[in-house]
Amino acid sequence: MTEHEQSTAAWSPRMSDAAANAEARRIIDNVYRPTAPVRQIPTYFKDDTPAPPFGDAEPVHQDDRRIVPAWAAGVAVASLGIGAGTTGIGCGAWLVLKGFASMSVTGVIAMGALFTGLAFAALSIGAAISRATRSVSKAVYNGPVTKNTHVTTHTKGAFARSHTHLHN
């Protein structure tokens, strides 16, 4: 009979106080029975090897046990960079808007020229990209291609003038 079966068989709703106390004592004694000590894992390491009296010490292997995985550290660094960039953009926008609040007519014209220049640069870049992608030929030629070129040269007169004609 297992220990659980013994404990359930020993208990009944009509148990006397003495039997109930004995059963409770037995359960408590089983729970608090001393067990073999659990091996403790050290939380520190002290290197007792003596340092050499002169020169360099031999390297000691140290296990790499990082708390944070490398990918998480990379994400954290990227987040800091994005945050710093966003802060810079926000400060720049604040300065521009503060400047707009106290602008004169000359300042408005200067800002208009700035935005016009930016728009012109964006338009130029877009046009260059459009032309660069359009210059690719989509024609596909099948079969032999021959090119017959016949050149005739005529030279006449005392003041020798050449006339070259290209016949395709």
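Please go through region 10-28 and pick out each residue that is modelled with pLDDT of 90 or more and exposed (fewer than 10 other Cβ atoms within 10 Å of the Cβ).
Result: A18, single match.
To keep it simple, each residue is scored yes or no on (1) in contact with a Phe, Trp or Tyr (Cβ under 6 Å, 6 or more places away or on another chain); (2) polar (S, T, N, Q); (3) at pLDDT 80 or above; (4) open to solvent by 90 Å² or more (accessible area, probe 1.4 Å).
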site	(1), (2), (3), (4)
K46	no, no, yes, yes
A51	no, no, no, no
G55	no, no, no, no
E58	no, no, no, yes
Q62	no, yes, no, yes
A70	no, no, no, no
K98	no, no, yes, yes
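The values are calculated or read from the model by the stated rules, or taken from the named source; none is laboratory data. In this text the structure is predicted, and so the values were computed from the model without any measurement. All Cβ positions, glycine included, derive from the backbone under ideal geometry; neighbour counts span all protein chains shown. Note: accessible area is taken over every heavy atom of the protein model, side chains too, but ligands, DNA and RNA are not part of it. Shrake-Rupley method; radii C 1.70, N 1.55, O 1.52, S 1.80 Å.
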